[in-house]
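Scroll down for the structure; my scribbles are underneath it.
The values are calculated or read from the model by the stated rules, or taken from the named source; none is laboratory data. Every value quoted in this text rests on a predicted model; they were computed, and no experiment measured them. All Cβ positions, glycine included, derive from the backbone under ideal geometry; neighbour counts span all protein chains shown.
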Amino acid sequence: MSIDIKVNSEIGPLEAVVIHSPGQEMENMTPDMAAEVLYDDILTLDLADREHRQLRGVLGKVANVVEFTDLLTEVLDNDKVRRALIDALVGLFDCPEVCDQLMEMPSSALAAQLIEGTPKKPISLEKYLSPSRYAIPPLPNAFFTRDAAMCVNDRVIIGSMAYRARVAEALLLKAVFKYHPNIHSAGFYLDGTDNRDTDVTLEGGDLLILRADLAVIGYSERTSAAGIDRLMRSIAAQGPIRNFVVVEIPKARATIHLDMIFTMVDHDKCVVYPPLITGTHRSRAFVCTFNGGPEAKISEFRDVLAALSSLGLDLAPINCGGDDSFHQEREQWGSGANFFAFGPGRIIGYDHNRYTVEALSQAGFNVAHARDIISGEREISDSERLVVTMDGAELSRGGGGCRCMTMPVARRDL
């Protein structure tokens, strides 16, 4: 199947999306290794996989769902791509001793191992004494496909990852988007794997495309001001987007990306974490407008909603956690503001954030569980506002929600 990259909004009807079903990489973590790969705890694969199958099942009802591992397997059939990717990975982790072994593996086995982890060869005292079991470590964050690659307009952005633990994901996704014979784009707006500037970081959870001419970017723990400047200049020089709203959010574990506190769910509605979007500690926002050159005209606003309103986009906020600050804090931690729209007013998120789901219901959204959608007992109508809820108690412990786990590659224009 051929995919033409086309993403001009957060809510356009979904046509194709890339996901990664959790695999053995999740159980190849140990408690000691968890912090190294940016986890607070280790997850149980059986539980996470059972929950993730609900996400895949719902999306499969409305769009073409493509597995990241399948795409990677197919590009590894190209010997030149295989060699270049293996060279990049063994260079990143200083393990040339595993290169020949990897080159000889069948593509499907190699794709799995590059995600699940490559055992080390103790060829030196240093490597023998290393507490790590792996030459190339497992990638337990790979099911968060959003962060290391983004599709915007008809182009691709490869993340400039804030932490070394996630650089391998960006390299793998770069190979897929650059060389897969059935994925067609106009090229890259930015390739973060070629970045030599340590001040430049950029991750997909901080980039939201709200309109064909408008993007919102989080200035966060994972995305730097230098990274934002580079991305804005690149997009403004090559694409239709000229207006950017940059939101400065706290550099904290609970708010690693903008989409943990703000997601667009309909033409005129968004789900927000009130303290940082509409409350007394709201995050300031900057409108950056480009008019044909590399220099931006910058205006400061009290918050993102005011900044968007100045550009003609008025969004009504729906509170993550409802109106109680206690529930807001708890449910934001459980990815309660992180929804994925598979169409305007049609979204999916975690069932355990019940006060957020209740707020959506009060705002006019019907509610259905993923199990009923998958079984066919409940159909999805293009004319309704609908929040599909899915089990996610285990997945959310990884630090993300449904938007984090989905990378749309094609949407119909609104």
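General observations
- The stretch 253-267, subset at pLDDT 95 or above and out of contact with any Asp or Glu (no Cβ under 7 Å at 6 or more places or on another chain), residue surrounded by the fewest Cβ atoms within 10 Å (Cβ to Cβ): His267
- Looking at Arg284, Arg230, just one residue is touching an Asp or Glu at 6+ places or on another chain (Cβ under 8 Å) and either farther than 23 Å from Arg385 by Cβ or of a type in the set (A, V, I, L, M) (or both), and that residue is Arg284.
- Applying the criterion of being of a type in the set (Phe, Trp, Tyr) and in contact (Cβ under 8 Å) with a residue 24 or more places away in the chain to the residues of the stretch 312-361, the residue that is farthest from Ser381 (Cα to Cα) is Trp333.
- Pairs, first without any contact (Cβ under 8 Å) to a residue 40 or more places away in the chain in the stretch 263-277, second of a type in the set (A, V, I, L, M), C-beta under 9 Å, six or more apart: Leu276/Val247; Leu276/Ile249; Leu276/Ile261
- Of the residues Phe342, Phe326, the single one that is buried (at least 19 other Cβ atoms within 10 Å of the Cβ) and aromatic (Phe, Trp, Tyr) is Phe342.
Conditions (1) of a type in the set (Gly, Ala, Ser); (2) surrounded by fewer than 23 Cβ atoms within 10 Å (Cβ to Cβ); (3) more than 15 Å from the chain's Cα centre (by Cα), marked per residue:
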| residue | (1), (2), (3) |
| --- | --- |
| Phe144 | no, no, no |
| Arg155 | no, yes, yes |
| Gly187 | yes, yes, yes |
| Val200 | no, yes, yes |
| Ile209 | no, no, no |
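- Strands (runs of 3 or more DSSP E) contained in the stretch 281-329 and holding at least 3 residues closer than 16 Å to Ala225 by Cα, of a type outside the set (Phe, Trp, Tyr) and out of contact with any Lys or Arg (no Cβ under 9 Å at 6 or more places or on another chain): 296-301
- Any hit, the stretch 353-375, residues being at pLDDT 95 or above, under 22 Å from Val62 (Cβ atoms), in contact with a strand residue (DSSP E or B) (Cβ under 8 Å, 6 or more places away or on another chain) and of a type in the set (Asp, Glu): no
- Top-ranked residue of the stretch 121-142 - restricted to ones that are farther than 19 Å from Ile86 by Cβ and crowded, with 24+ Cβ neighbours inside 10 Å, ranked as nearest to the chain's Cα centre (by Cα): Asn141
- Enumeration of residues in the stretch 240-297 that are under 17 Å from Ala359 (Cα atoms), more than 18 Å from the chain's Cα centre (by Cα) and hydroxyl-bearing (Ser, Thr, Tyr): Tyr273, Thr278
- Counting only strands (runs of 3 or more DSSP E) that sit completely within the stretch 240-279, zero hold 3 or more residues that are more than 16 Å from Asp314 (Cα to Cα) and in contact with a Cys (Cβ under 9 Å, 6 or more places away or on another chain).
- The set of residues in the stretch 130-155 that are over 14 Å from Gln113 (Cα atoms) and aliphatic (A, V, I, L, M) comprises Ala148, Ala149, Met150, Val152.
- Applying the set (1) more than 16 Å from His52 (Cα to Cα); (2) in contact (Cβ under 8 Å) with a residue 24 or more places away in the chain; (3) of a type outside the set (D, E, K, R) to Gly364 leaves exactly one unmet item: (2).
- Total residues in the stretch 372-402, condition outside any loop (DSSP other than H, G, I, E, B), crowded, with 16+ Cβ neighbours inside 10 Å and not hydrophobic (A, V, I, L, M, F, W, C): 4
- Residue, modelled with the lowest pLDDT, within the stretch 213-252, restricted to residues that are small (Gly, Ala, Ser) and surrounded by fewer than 18 Cβ atoms within 10 Å (Cβ to Cβ): Ala252
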